[in-house]
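Visitor: Here it is: the structure, laid out below.
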Amino acid sequence: MPVSAAAAEIEQHRAYLMRYASLQLRDAGAAEDAVQDTLMAALEGWDRFSAQSSVKTWLTGILKHKIIDHIRRQSREQPLISGDGENGGDEADAIDALFLEDGHWRHPPSDWGNPDKVLENKAFMAVFEQCVKNLPAKTGRAFMMREVMELSTDDICKELGVSTTNCWVILHRARLSLRECLEMKWFGKS
Amino acid sequence: MPIPRIKLPKPIRHTIVKRLNCKEVSELVSRQHEHPLSTGEKFWLALHLYICTGCRNFKNNTRIMREALKRYLDQGKDR
């Protein structure tokens, strides 16, 4: 395939890669850089691309490395402001706040109905994006590493420098907080 | 979910039958997305989910959130 065709093929996935990088890095500039680096690397390495995987999967693999590089560089230069679950205290408090003292739900989760229907709804997706962005920095980062990058908990703990148990607490909190936000901003209203 | 009907002496029953509360259950539901649970954990989780609508909803909600992230990433396709 000539280079121009390769470039066109790669370019098609830019929007997807940008959403992927933005979810994980939560910083438009950094996401732009990571995607740009990925597209450059892909173009340079195009002849090494074997058609065994899809172009999208291949690009996503490169992007994952760029994102991890960025996160590592960033945590060396400017660690995430602590107090944000440094020892799991804040995370545990945030979880406790959603339950009564005897461990019952303060506001029991409701039935969200048929997922296919709600996930087709663009307005829901906008609310979802907002709720994801509302997660505290470290919580959001851990959750995206798990759900978007699909890293193992072990790898996430290593990147974040926390214990496995702490990692589970952070992810638990992320799910509870995201759920609470969606319940309030979307499902509670209908 | 079949519940084993074994009659145990009272003191043992109290130690074994550790009923989980909703907070603990939500923790197991979340952890299940990361790591397989032990047989015991699975049992008590299933038992609680059988009787608790709120926790059943939570479990479904977490699945929907996971699916939502995937759809969010792929949304360009229909634009």
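The values are calculated or read from the model by the stated rules, or taken from the named source; none is laboratory data. Please read these numbers as outputs of a predicted model, since none were measured by experiment. Ideal geometry is used to build each Cβ from the backbone, glycine not excepted, and the neighbour counts take in all protein chains shown. Surface areas here come from the heavy atoms of the whole protein model, side chains and all, with no ligands, DNA or RNA. Shrake-Rupley method; radii C 1.70, N 1.55, O 1.52, S 1.80 Å.
Visitor: Amide H of A:PHE99 versus every other amide H placed in the peptide plane: which residues, excluding those fewer than 5 positions away on the same chain, fall under 5 Å?
Guide: Hits under the 5 Å cutoff: A:ARG106.
Visitor: Would you please give the FRET efficiency between B:GLN75 and A:ARG48, computed as 1/(1 + (r/R0)^6) with r the Cβ-Cβ distance and R0 = 30 Å, to the nearest 0.05?
Guide: 0.50
Visitor: Of the cross-linked pairs A:LYS64/A:LYS158; B:LYS42/B:LYS70; A:LYS56/B:LYS70; A:LYS158/B:LYS23, which ones have a Cα-Cα span greater than 18 Å in the structure shown?
Guide: Where the Cα-Cα span goes over 18 Å, the pairs concerned are B:LYS42/B:LYS70; A:LYS158/B:LYS23.
Visitor: Hey, what do the phi angles of the stretch A:12-19 turn into as Karplus ³J(HN,Hα) couplings, whole Hz, using 6.51/-1.76/1.60 and θ = phi - 60°, x for Gly and Pro?
Guide: 4, 9, 4, 4, 4, 4, 5, 4
Visitor: May I ask you to derive the FRET efficiency for A:ASP154 and A:GLU77 from their Cβ-Cβ distance with R0 = 35 Å, giving the value to the nearest 0.05?
Guide: With R0 = 35 Å, the Cβ-Cβ based efficiency is 0.90.
Visitor: With all protein chains present, calculate the accessible area of A:ASP102 using a 1.4 Å probe and round the result to the nearest 10 Å².
Guide: Solvent-accessible area, nearest 10 Å²: 90 Å².
Visitor: So, in nm, how far is label A:ALA97 from label A:ASP27 when the simple model puts each one 7 Å beyond its Cα toward the Cβ?
Guide: Distance between label points: 2.5 nm.
Visitor: Say each of A:LYS133 and A:SER163 gets a label point 7 Å from the Cα, pointing the same way as Cα to Cβ; how far apart are those two points in nm?
Guide: About 3.6 nm separates the two model spin labels.
Visitor: Let me ask another. About the Cα centre of the stretch A:89-187, how large is the charge dipole given +1 on each Lys and Arg Cβ and -1 on each Asp and Glu Cβ? Please answer in debye to the nearest 20.
Guide: For the stretch A:89-187, the charge dipole is close to 320 debye.
Visitor: I need the Debye-formula profile for the stretch A:92-190: one equal scatterer per C-alpha, no solvent, reported as log10 I(q)/I(0) at q = 0.12 1/Å, two decimals.
Guide: Summing over Cα pairs of the stretch A:92-190 leads to -0.45.
Visitor: Let me ask something else about it. Please give the helix A:55-77 orientation as an angle from the longest Cα principal axis of chain A, in degrees from 0 to 90, rounded to the nearest 10.
Guide: That helix lies at roughly 60 degrees to the long axis.
Visitor: Follow-up question, since we're still on this one. At a 1.4 Å probe, what is the % contribution of carbon and sulfur to the accessible area of chain A?
Guide: On chain A, the fraction of accessible area on carbon and sulfur atoms equals 51 percent.
Visitor: Which value in deg cm²/dmol, rounded to the nearest 500, describes the helix-derived mean residue ellipticity at 222 nm for chain A, given -39,500 (n - 2.57) per DSSP H run of n ≥ 4 and division by the residue count?
Guide: -20500 deg cm²/dmol
Visitor: Something else: Applying the Karplus parametrisation 6.51 cos²θ - 1.76 cosθ + 1.60 with θ = phi - 60° to the phi angles of the stretch A:135-141, what ³J(HN,Hα) value in whole Hz is obtained for each residue in order, glycine and proline being reported as x?
Guide: Here the 3J(HN,Hα) series is 5, x, 3, 5, 4, x, 4 Hz.
Visitor: Which shape class applies to chain A: rounded if a/c is under 1.5, otherwise prolate when a/b exceeds b/c and oblate if not, where a ≥ b ≥ c are the square roots of the Cα gyration tensor eigenvalues?
Guide: oblate
Visitor: Here's something else I'd like to know. If you count, for each residue, the other Cβ atoms within 10 Å and average over each peptide, how do A:131-139, A:167-175 line up from highest to lowest?
Guide: Most protected by this proxy first, the peptides run A:167-175, A:131-139.
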